[in-house]
Amino acid sequence: MRELEGILELNKSQGFYIGIGTEIYLEIEGVTFSVTSIFIGMLKDEFMIVTLPKRYKSVKNKLFPTNKMVVKYLYEGSVYAFQTSVIEVVTNPIRMLAIEYPKVVQQRELRLVKRNKVVIPGRIEAKKAEFSMVVYDITKKGCSFKYLDQKSHINSLREGDLLRIYCQFPGVAKEVGVMASVRNVRRDKDMLSVGVEFQNITKTFLTSLRHLLYSIEDFS
């Protein structure tokens, strides 16, 4: 998780908007991956209540009182984030996590075409062949990837080709796939750089993609 110091120096957003049942993403200090939870309720200026996060067993030793975390969530096309800390974990009679009410909430517009530099390993299925690639740029609408152009394995991809992309997103146990259409192709010696637009995005892929985009949204 990125350094938390200084986030409270950011300007306040225009308001603190969050609805009961909102999925939130927790970046817990001392944990190298983010986890998801559900917002349950709050007492203004006092505390907030969320469900125990998914993968709770993997992070429960970091959910001790005063440990810091950053909370991120989506509201009407914008990502909101704030720094908070653990108050208490409750496991009986219901399972929930109490966290400090935020002093400052920061807002960033999550634009459909905002480009995010990443390194995501994966593979492509196209033209009755399969080959490895690396995604280096991704948005909610598409991505760019590079692969070694070995003509013995597959004919070079061209604009308009349909293919299936499988990505191994960080923090996700299994790779997830999506159909895509080639929009542009650039060659650099033996490497091809391909830009594609996602087609018929499944809920599974969209959830993993959103998780990634929220986690890398820059609030520095």
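The values are calculated or read from the model by the stated rules, or taken from the named source; none is laboratory data. Since this is a predicted model, take the numbers as computed values, not measurements. Here the Cβ is made from the backbone with ideal geometry for all residues, glycine too, and neighbour counts use every protein chain on show.
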Subset of segment 61-74, residues over 18 Å from I216 (Cβ atoms) and out of contact with any Leu (no Cβ under 8 Å at 6 or more places or on another chain), comes to N61, K62, F64, P65, T66, N67
Within segment 178-199, the residues that are out of contact with any Gly (no Cβ under 9 Å at 6 or more places or on another chain) and either surrounded by 15 or more Cβ atoms within 10 Å (Cβ to Cβ) or modelled with pLDDT of 90 or more (or both) are V178, M179, L192, S193, V194, Q199
Considering residues that are over 19 Å from the mean Cα position of the chain (by Cα), under 15 Å from T32 (Cα atoms) and basic (K, R), the number found within segment 49-98 is 4
The strands (runs of 3 or more DSSP E) lying entirely within segment 50-119 that contain at least 2 residues which are on the phi < 0 side of the Ramachandran plot and at pLDDT below 95 are 68-75, 78-90, 106-109
Among residues of segment 1-23 being of a type outside the set (A, V, I, L, M, F, W, C), assigned to a loop (DSSP other than H, G, I, E, B) and at pLDDT 85 or above, the residue nearest to S215 (Cα to Cα) is T22
- Query: Scanning for something charged (D, E, K, R), free of Cβ contacts under 8 Å to residues at least 60 places away in the same chain and in a strand (DSSP E or B), does segment 26-49 turn up at least one residue?
  - Reply: no
Exactly one of V118, V89 is touching a residue at least 12 places away in the same chain (Cβ under 8 Å), surrounded by 15 or more Cβ atoms within 10 Å (Cβ to Cβ), touching a helix residue (DSSP H, G or I) at 6+ places or on another chain (Cβ under 8 Å) and closer than 25 Å to F145 by Cα, and that one is V118
When L26 is run through (1) over 16 Å from Y214 (Cα atoms); (2) modelled with pLDDT of 90 or more, the failure sits at (1)
